[in-house]
Amino acid sequence: MPIRVLASEVASQIAAGEVIERPASVVKELLENALDAGASEVAVEIRGGGSRLIRVIDNGAGIPLGEVELAFQRHATSKIASAEDLSHITTLGFRGEALPSIAAVAKVTLLTRPADEELGLSLLVQGGRVVKKERRGSPVGTIVTVENLFYNTPARRKFLKAEATEAGHSSDLVTRYAMAYPAVRFTLLNEGRTAFRSPGSGSLYEVLVAAYGLELAKQLLEIREQGEGEVRISGYMGGPSTHRSNARGITLLVNGRWVRDPLLSHALREAYHTLLPSGRYPLAVLRIDLPPEEVDVNVHPAKAEVRFRSSGLIFEAIQRAARRTLSESAPIPVVTRPAVPSTGPRMGRWIPAAPRPEPGAAPRPQRELPAQAIAAEPAGEVGPKVPPLRVLGQLGLTYVIAEGPHGMYLIDQHAAHERVLYERLLGERAVRGINSQSLLEPIPIELTPAEATTLEENPQALAAWGFDLEPFGGRQYLLRSMPAILGRVDPARALREILDDAAREGPGVAGSGWEARFVIGLACHSAVRAGEALSESEMRELIRQLESTRSPRTCAHGRPTMIHLSQEQLEREFGRR
Ligand code: ADP
Ligand code: MG
């Protein structure tokens with residue numbers, strides 16, 4: 001086919017396709033126009049899932065009668081005037097594409113009356129052309145009726161789902177906009193029946209009652225507005241027991257615009273961390289308000305996505321707000337004294353490595369440790385959990401200072417990390433084996449006679465924990481791979497120290513087997529040390545990981561990972577009570 005310019009009708013159908021994908025897209029554009037016109041009441045009516053009819057009635061400002069026809073031209077808008085205006089959009093619409101797009105794929109009747117007109121003006125537009133125009137009596141505001149959607153684009157029509165599904169999308173939209181604009185009264189009529197109604201009282205909570213029912217709404221926690229810099233987070237979030245199987249229960253409202261943003265949804269979900277069963281999603285309505293210059297809304301034809309100038313900040317603001325809300329409202333066990341384990345560390349479950357062969361006896365094959373036997377402790381045996389904590393800073397390059405629901409926590413960074421890595425090692429060993437990393441070049445190690453003996457006694461055990469050591473004559477060995485968890489630690493040195501530690505029966509691990517001590521040593525050597533500066537995000541990550549361990553309150557050696565100074569203690573110390 002030769003190249004040719006498409007007929008304007010085809011071109012506008014193509015353009016319309018970007019904005020109007022399904023009936024709900026029409027509902028969205030018309031709702032946005034009504035809200036931009038300052039309506040306090042918006043009624044939506046749909047029939048046939050929206051394909052047959054969509055009508056949106058608002059009591060907003062109306063369109064000046066002389067501009068009504070213009071409103072149907074592409075890129076005709078009253079909302080912006082220059083490219084510069086794009087950088088601080090305060091209206092929902094600004095592209096001037098909705099009305100012409102809808103009119104390209106449906107029959108549209110628009111009736112509008114501004115307050116200063118006696119009569120309204122009605123315009124019938126079909127196939128993009130005005131076919132009828134007349135003055136008529138009308139309430140102040142605008143009524144847009146869209147019929148026979150996609151009548152001239154059979155391809156689109158074919159892709160529509162069942163009427164109930166399409167109606168569901170529209171209903172979803174009306175509900176979310178009601179959440180975004182609690183002061184506006186919304187009604188949705190589906191096939192003549194009221195499907196949703198919001199009171200328009202200005203209370204988001206009342207909208208949530210209308211949307212989810214009182215029972216569910218009662219379980220929501222209010223996110224009290226938190227202004228950090230210019231980003232403000234507010235709204236409601238479900239407590240840990242309110243969850244869904246997908247992310248659709250998360251409504252993100254950026255400056256009153258409902259947007260999809262997987263990253264921000266993720267921020268919210270992460271804030272729950274271990275509080276939510278895995279694979280489940282929270283229910284939440286998050287209002288994110290920030291200066292319009294900080295958001296680029298001009299990235300998606302249907303304006304369903306936005307881009308933030310500093311998304312990291314917003315990510316953090318959401319996490320902070322959500323965590324604070326959870327920790328303030330969720331029922332969390334109160335621990336008022338530093339957690340010192342009353343009994344020794346839980347090492348009793350360890351199966352000791354095979355006993356030393358008698359001198360002179362034929363060496364028996366070493367017993368491989370059954371993976372199950374050394375799996376982390378079952379859920380029933382865990383110590384008290386850690387409440388959600390907010391990191392405040394680092395003390396003496398050794399302790400993380402954090403705030404929890406009932407006071408202050410000082411966390412020993414090394415002990416905490418050791419606990420995290422210890423449980424990770426046990427988990428890896430139990431599930432798919434230790435993550436091991438080959439060295440680019442084998443490292444020669446000469447062991448002391450004691451170390452060499454230990455090694456000879458536990459060859460498989462060492463390999464099972466990720467160390468590949470090859471005898472190289474005498475007490476010489478070649479280290480070919482190491483457990484990945486060691487990170488950048490000098491593996492040869494770490495191995496010797498771990499072997500050394502494991503050979504001695506330390507106070508915390510008395511009675512447990514050599515291999516148990518070996519793993520603890522491995523966790524210990526892989527963990528961050530006291531004296532290491534940690535960034536804020538490293539500290540947050542450490543706390544997050546600690547929260548998810550089974551026994552977060554002690555390190556692998558059984559020493560406490562944290563000290564808690566309760567609110568009461570603080571008040572007593574300061575003579576406040
Ligand atoms: P946009 O909303 O991006 O400006 P539209 O095609 O949706 O583009 O609408 C074009 C113009 O028509 C709007 O800028 C607005 O001036 C006017 N308009 C559309 N719908 C309404 C309404 N319900 N009330 C008042 N004015 C409206
Ligand atoms: Mg619009």
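Among the residues making up segment 151-200, those that are basic (Lys, Arg) and part of a helix (DSSP H, G or I) are 156, 157, 158, 176.
Please verify whether residue 232 is under 23 Å from residue 303 (Cα atoms), touching a residue at least 24 places away in the same chain (Cβ under 8 Å) and not assigned by TED's automatic domain parsing to the domain that holds residue 278, treating the condition exactly as stated. No: the conditions fail for residue 232.
Output the residues belonging to segment 411-451 that are within 27 Å of the chain's Cα centre (by Cα) and in a strand (DSSP E or B). Of everything in segment 411-451, just one residue is within 27 Å of the chain's Cα centre (by Cα) and in a strand (DSSP E or B), namely 411.
A single member of 17, 50, 62, 93 is out of contact with any strand residue (DSSP E or B) (no Cβ under 6 Å at 6 or more places or on another chain), modelled with pLDDT of 95 or more and small (Gly, Ala, Ser), and it is 50.
Results for (1) surrounded by 13 or more Cβ atoms within 10 Å (Cβ to Cβ); (2) part of a helix (DSSP H, G or I); (3) without any contact (Cβ under 8 Å) to a residue 40 or more places away in the chain, shown as yes or no for each residue.
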site: 463; (1), (2), (3): yes, yes, yes
site: 494; (1), (2), (3): yes, yes, yes
site: 500; (1), (2), (3): yes, yes, no
site: 516; (1), (2), (3): yes, yes, no
site: 519; (1), (2), (3): yes, yes, no
site: 532; (1), (2), (3): yes, no, no
site: 538; (1), (2), (3): yes, yes, yes
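Just name the residue that is farthest from ligand 1 (Cβ to nearest atom) out of those in segment 134-160 that are basic (Lys, Arg) and surrounded by 13 or more Cβ atoms within 10 Å (Cβ to Cβ). Among those that are basic (Lys, Arg) and surrounded by 13 or more Cβ atoms within 10 Å (Cβ to Cβ), it is 157.
For the criterion of being within 24 Å of residue 297 (Cα to Cα), in contact (Cβ under 8 Å) with a residue 12 or more places away in the chain and either more than 16 Å from ligand 2 (Cβ to nearest atom) or surrounded by fewer than 21 Cβ atoms within 10 Å (Cβ to Cβ) (or both), residue 38 passes.
List every residue pair whose Cβ atoms sit under 8 Å apart, with the two residues 6 or more apart in sequence or on different chains, where the first one lies in segment 237-260 and is closer than 21 Å to residue 296 by Cβ and the second, anywhere, is β-branched (Val, Ile, Thr) and assigned to a loop (DSSP other than H, G, I, E, B). Close Cβ pairs (under 8 Å, with a partner that is β-branched (Val, Ile, Thr) and assigned to a loop (DSSP other than H, G, I, E, B)) amount to 254/306; 255/90; 257/297; 257/306; 259/306. Under the condition of being surrounded by 15 or more Cβ atoms within 10 Å (Cβ to Cβ) and not hydroxyl-bearing (Ser, Thr, Tyr), the residues counted in segment 446-459 number 6. Filter segment 270-304 for residues that are part of a helix (DSSP H, G or I) and modelled with pLDDT under 90 and give the result. Across segment 270-304, the qualifying residues are 270, 271, 272, 273, 274, 275. Scan (1) closer than 17 Å to residue 422 by Cα; (2) at pLDDT below 85 for the single condition residue 436 breaks and write down its number. Exception for residue 436: condition (2). Across segment 220-239, the number of residues qualifying as exposed (fewer than 14 other Cβ atoms within 10 Å of the Cβ) and not small (Gly, Ala, Ser) comes to 4. Of the residues making up segment 1-33, just one is under 16 Å from residue 147 (Cα atoms), assigned to a loop (DSSP other than H, G, I, E, B) and away from ligand 2 (no atom under 16 Å from the Cβ), namely 22. Of the residues making up segment 42-52, one or more are within 16 Å of ligand 2 (Cβ to nearest atom) and not in a loop (DSSP other than H, G, I, E, B).
Among residues of segment 100-120 being more than 22 Å from residue 40 (Cβ to Cβ) and touching a helix residue (DSSP H, G or I) at 6+ places or on another chain (Cβ under 7 Å), the one that is surrounded by the fewest Cβ atoms within 10 Å (Cβ to Cβ) is 100. Residues in segment 188-228 that are within 21 Å of the chain's Cα centre (by Cα) and more than 30 Å from residue 277 (Cβ to Cβ): 227 only.
Output yes when any residue across segment 503-510 is crowded, with 18+ Cβ neighbours inside 10 Å and either of a type in the set (Asp, Glu) or within 29 Å of residue 542 (Cβ to Cβ) (or both), and no when none is. Let's see the steps before the verdict.
If we filter segment 503-510 for residues that are crowded, with 18+ Cβ neighbours inside 10 Å, which is where we start, we get 508-509.
Applying the additional criterion that residues be either of a type in the set (Asp, Glu) or within 29 Å of residue 542 (Cβ to Cβ) (or both) yields 508-509.
Yes, segment 503-510 contains a residue that is crowded, with 18+ Cβ neighbours inside 10 Å and either of a type in the set (Asp, Glu) or within 29 Å of residue 542 (Cβ to Cβ) (or both).
One line per residue, one yes/no per condition, for (1) within 6 Å of ligand 1 (Cβ to nearest atom); (2) of a type in the set (S, T, N, Q):
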| residue | (1), (2) |
| --- | --- |
| 67 | no, no |
| 72 | no, no |
| 79 | yes, no |
| 82 | no, yes |
| 88 | no, no |
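Comparison of 46, 20, 3, 14 shows that the only residue that is without any contact (Cβ under 8 Å) to a residue 40 or more places away in the chain and either in the same structural domain as residue 99 (by TED's automatic domain parsing) or closer than 23 Å to residue 80 by Cα (or both) is 14.
When residues in segment 49-65 are screened for being over 36 Å from the mean Cα position of the chain (by Cα) and more than 12 Å from ligand 1 (Cβ to nearest atom), 2 of them pass. Per this entry, residue 30 is counted among residues that are surrounded by 14 or more Cβ atoms within 10 Å (Cβ to Cβ) and near ligand 1 (Cβ under 10 Å from one of its atoms). Residues of segment 257-273 that are surrounded by fewer than 17 Cβ atoms within 10 Å (Cβ to Cβ) and touching a Lys or Arg at 6+ places or on another chain (Cβ under 9 Å): 270 alone. Residue count for segment 136-186 satisfying the condition of being under 26 Å from residue 40 (Cβ atoms), touching a Lys or Arg at 6+ places or on another chain (Cβ under 8 Å) and of a type in the set (A, V, I, L, M): 6.
The values are calculated or read from the model by the stated rules, or taken from the named source; none is laboratory data. Everything numeric in this text was worked out from a predicted model, so none of it was measured. Reconstructed Cβ throughout: ideal geometry from the backbone, glycine too, with neighbour counts over all protein chains shown.
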